[in-house]
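All of the numbers you see were taken from the coordinates with simple rules; none came from a lab. Quick caveat: nothing in here was measured; it's all calculated off a predicted structure. Neighbour counts run over all protein chains shown; Cβ positions are idealised from the backbone, glycine included.
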Amino acid sequence: MGLTIQSAADAWLTNLETRKRRPAKPATLATFRAYVRAHIGPALGKQDVATVGNAQMREFVAQLAAKKLAPKTVLEVSNAVRQIVASVVDQNGDELFPRKWNSDFIDAPVVEKQNQPSVTSEQIEQAIAKATEADAVLYILLASSGLRIGEALALRIGPSETSSYFSEAAVTVHTSLWRRREQDPKTISAFRTVEIAGPAAKRIAEFAKGRSGFLFGNGLPPSESAFRDRLSDTGIQGFHSARRFRTTWLRKNRVQEDLIRFWLGHSEGSVTDGYSKLNEDVEYRREVAENIGIGFNL
């Protein structure tokens, strides 16, 4: 028997974790390991990599669809199989089993537009009014900055060269938190400073007084799941809805796209964005943040 899909998958996961060029984040690795454990291993694990082609992928996709998995999950799992097959290379780095995948033949379910819930200013205000102080400040921070939840929970109090922190009406992102473990942010573009308008910044600063270490922790890294459980009681569908709220508010107020991308931690959209230096003008960023406000009442 030749190299099996399971053996190739194990080597692929190890390489994703240890490679020097863009090693995968722990959250990404956890997702891929779950795909291998729950779907790829049981269905294809014992098969030789050399024998896995379009016919086997078509059968595998049909099995995934029969499990009632969402089309997006089917796509992600089948793409993981493609990556596993492509990861098997010779000493020169050339693929041992090159494949020309035929999407029409494989016939995977079509991924329709995903549900991306947002939140209204009224919902934010109601959630803040009913929440504990820590939860309220987290909601204020997310809706007024557009931070990802992992970035927000990684914030510490006071300036730091290596950790994310809140100081002087702005948050500086150096790290993110996943399962109470600090890691690098999602992308290079996520390293940034986000200015926060007066009312929100004042509320966050008041909460931070007398505290040390993590802004939302009591000496230990905060738990996202605990905050998520309480958020669900407010009727707000996920922390990312606050990020969409902030994006919408920035566009309603005609903030330049390159500044929006900078604040959200997205990569440049064009060569022209690389020429623009708005993101380096701290005074201008502060002025824009104050002029447009936060979009909800405190």
- Task: Report the residue, chosen from Arg286, Arg21, Arg180, that carries the largest GNM mean-square fluctuation when the chain is represented by alpha-carbon nodes joined by springs under 10 Å.
- Result: Arg21
- Note on the structure: FRET efficiency (Trp101, Glu206; Cβ distance; R0 45 Å; to 0.05) is 0.20
- Query: For the charge dipole of region 1-130, defined by +1 on Lys and Arg C-beta atoms and -1 on Asp and Glu C-beta atoms about the Cα centroid, which residue among Ala129, Pro26, Leu69 has the Cα displaced farthest towards the positive pole?
  - Reply: Ala129
- Message: Tell me the mean residue ellipticity at 222 nm calculated for the chain from its helices only (DSSP H runs of n ≥ 4, each -39500 (n - 2.57), averaged over every residue, nearest 500).
- Response: -14500 deg cm²/dmol
- Divide the volume of the convex hull of the Cα atoms of region 1-147 by its number of residues and quote the answer in cubic angstrom per residue. 166 Å³
- Message: How tilted is helix 71-87 with respect to the longest principal axis of the chain? Cα atoms for both, answer in degrees (0 to 90, nearest 10).
- Response: 60 degrees
- Please build a GNM for the chain, connecting alpha carbons under 10 Å apart, and tell me which residue among Leu69, Leu259, Leu141 fluctuates the most. Leu69
- Item | Top of Ala86, Ala127, Ala242 by mean-square fluctuation, Gaussian network on the chain, Cα under 10 Å | Ala86
- Message: Please report the projected area of region 127-198's Cα convex hull averaged over all directions, in nm².
- Response: 5.0 nm²
- In square nanometres and to one decimal, what's the mean projected area of the convex hull around the Cα atoms of region 80-133? 8.7 nm²
- Computed on Cα atoms, Rg of the chain relative to 2.2 N^0.38 Å comes out at 1.17
- Note on the structure: Summed over the other residues with a beta carbon less than 15 angstrom from that of Ala129, with K and R at +1 and D and E at -1, the charge totals -2
- Could you please state, rounded to a whole Å, how far the C-alpha centre of region 117-143 is from the C-alpha centre of region 196-235? 11 Å
